[in-house]
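The block underneath contains the structure these notes are about, expressed in structure tokens.
The values are calculated or read from the model by the stated rules, or taken from the named source; none is laboratory data. All figures in this text were calculated on a predicted structure; none of them were measured in a lab. As a convention, Cβ positions derive from the backbone with ideal geometry for all residues, glycine included, and neighbour counts pool all protein chains shown.
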């Protein structure tokens, strides 16, 4: 089982989650570091590279890293930030909307 770290989970909470799973009978646990949340809005997560040596010291279980969550925000072709919701991806912020509208031959409107 791959146990992914939550964005706001501390290392001790992550270790306790693994203990809970092991107490239920599953001892095949792999820790997956994906990054932690910060106050920065330019990217999604910051990869916590200091978590790996701490986990290796605290447990014998393997640790893997998923750097894709620290890679930034998803953008569409026009440079708009995309977010996933219940209805799929949607635009939440336009960067250069007037340029993309001009390329399509449309005039940008204000809301």
Study note, to complete from the structure: Note on residue 57: of the conditions (1) modelled with pLDDT of 90 or more; (2) over 17 Å from residue 6 (Cβ atoms); (3) not in a helix (DSSP H, G or I), unmet is (3)
Check your understanding: Failed condition for residue 66, given (1) surrounded by 14 or more Cβ atoms within 10 Å (Cβ to Cβ); (2) touching a strand residue (DSSP E or B) at 6+ places or on another chain (Cβ under 8 Å); (3) at pLDDT 95 or above, with all others met?
Key -> (3)
Exercise for review: Determine the pairs where a residue that is outside the structural domain of residue 59 (by TED's automatic domain parsing), located within the range 13-40, has a partner that is part of a helix (DSSP H, G or I) with Cβ atoms under 6 Å apart, the partner being 6 or more residues away or on another chain.
Suggested key: none
Review point. Considering the range 2-26 alone, what residues qualify as being part of a loop (DSSP other than H, G, I, E, B) and at pLDDT 95 or above?
Key: 24, 25, 26
